[in-house]
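The values are calculated or read from the model by the stated rules, or taken from the named source; none is laboratory data. Quantities reported herein were computed from a predicted structural model and do not represent experimental measurements. Cβ atoms come from the backbone with ideal geometry, glycine included; neighbour counts cover every protein chain shown. Accessible surface is based on the protein model in full, side chains and every heavy atom, while ligands, DNA and RNA are left aside. Shrake-Rupley method; radii C 1.70, N 1.55, O 1.52, S 1.80 Å.
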Amino acid sequence: MTANSLSVLVVEDNRAIQANIADYFALQGAVVDFALNGRQGAELALAHYYDVIVLDLTLPQLDGLDVCSLLRQQANRHIPVLMLTARDSLQHKLDGFAAGADDYLVKPFDLAELWARVQVLARRYLQQHHVLTLGNIRLNRHLHQAHCDSKLMELKPIGFNLLSILLETHPRPVSRSELCSKIWGDEPTESDALRSHLYQLRKTLQQHGASVSIETQLGVGFALKTVAAT
């Protein structure tokens, strides 16, 4: 991974700390976005692709624990989160990890250490979470492409997200409510919308001769299962 390939979101309400991080990360060639409060940070994180999120714990509107929990519930992939805070007790760290944080750095901190930790998190999750495979299906979240064997499948954004979620959770079934929450969040949607998108995804998989199919488990949810390729 090259430094200039890193896209980082920093959610921090202290403008002086923001400026210091911006200057240092820019020298390393990273692309950095900023949010001044938790709600804005969550919206940016769910709407755009970031390799790592640097998240302050004490924020207006939504605190860092709430933001991290929200991302773990609604994001369609695992976004590495480094929690940044002046709270240095063991319990605060445990609370951060329980909310889904991947790393924890206490203020005041050295910018070189922050950058090093961001790079480690990005490298760790690049290979583990950008590419998902099952049977003859290969999905690349970074490129937003899904292939069956070597042939690119034309998927609409929601169909791509559905396949991504089902691949990541395989073999665990995903409930209807969990799928709707991860795809639409709190936005209201038509009752048959999920059914329609699942139908289209099933049809696309079948047309491409996929060796996986979507199984409906009554009263439980949906899961991928491997089948003989056609």
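Listed here are the residues, each with its yes/no results for (1) under 25 Å from residue 181 (Cβ atoms); (2) touching a Ser or Thr at 6+ places or on another chain (Cβ under 8 Å); (3) open to solvent by 20 Å² or more (accessible area, probe 1.4 Å); (4) not charged (D, E, K, R).
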site	(1), (2), (3), (4)
36	no, no, yes, yes
42	yes, no, no, yes
57	yes, yes, no, yes
66	yes, no, yes, no
91	no, no, yes, yes
100	yes, yes, no, yes
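Among the candidates 219, 209, the residue that is farther than 26 Å from residue 53 by Cβ, outside any helix (DSSP H, G or I) and open to solvent by 60 Å² or more (accessible area, probe 1.4 Å) is uniquely 219. State whether the residues of the stretch 143-155 include one that is open to solvent by 40 Å² or more (accessible area, probe 1.4 Å) and under 22 Å from residue 53 (Cβ atoms). Yes, there is a match, as at least one residue in the stretch 143-155 is open to solvent by 40 Å² or more (accessible area, probe 1.4 Å) and under 22 Å from residue 53 (Cβ atoms). The set of residues in the stretch 110-154 being closer than 29 Å to residue 32 by Cα, hydrophobic (A, V, I, L, M, F, W, C) and touching a strand residue (DSSP E or B) at 6+ places or on another chain (Cβ under 7 Å) consists of 114, 118, 121, 122, 131, 132, 139, 146. Against the definition (open to solvent by less than 40 Å² (accessible area, probe 1.4 Å), over 13 Å from the mean Cα position of the chain (by Cα) and among the hydroxyl-bearing types (Ser, Thr, Tyr)), how does residue 85 come out, yes or no? The answer is yes for residue 85. The combined condition, being over 28 Å from residue 175 (Cβ atoms), modelled with pLDDT of 85 or more and not small (Gly, Ala, Ser), is not fulfilled by residue 6. What do you reckon, is residue 10 farther than 25 Å from residue 163 by Cα and free of Cβ contacts under 8 Å to residues at least 40 places away in the same chain? Against the criterion (farther than 25 Å from residue 163 by Cα and free of Cβ contacts under 8 Å to residues at least 40 places away in the same chain), residue 10 does not qualify. Here residue 17 meets each of (1) of a type in the set (A, V, I, L, M); (2) open to solvent by 70 Å² or more (accessible area, probe 1.4 Å); (3) under 17 Å from residue 112 (Cα atoms) with one exception, condition (2). The strands (runs of 3 or more DSSP E) found wholly in the stretch 38-108 and carrying at least 1 residues that are among the acidic types (Asp, Glu) occupy 52-56, 103-106. With respect to residue 17, is the statement that it is part of a strand (DSSP E or B) and either without any contact (Cβ under 8 Å) to a residue 60 or more places away in the chain or farther than 19 Å from residue 101 by Cα (or both) true? For residue 17, the condition - part of a strand (DSSP E or B) and either without any contact (Cβ under 8 Å) to a residue 60 or more places away in the chain or farther than 19 Å from residue 101 by Cα (or both) - is not met.
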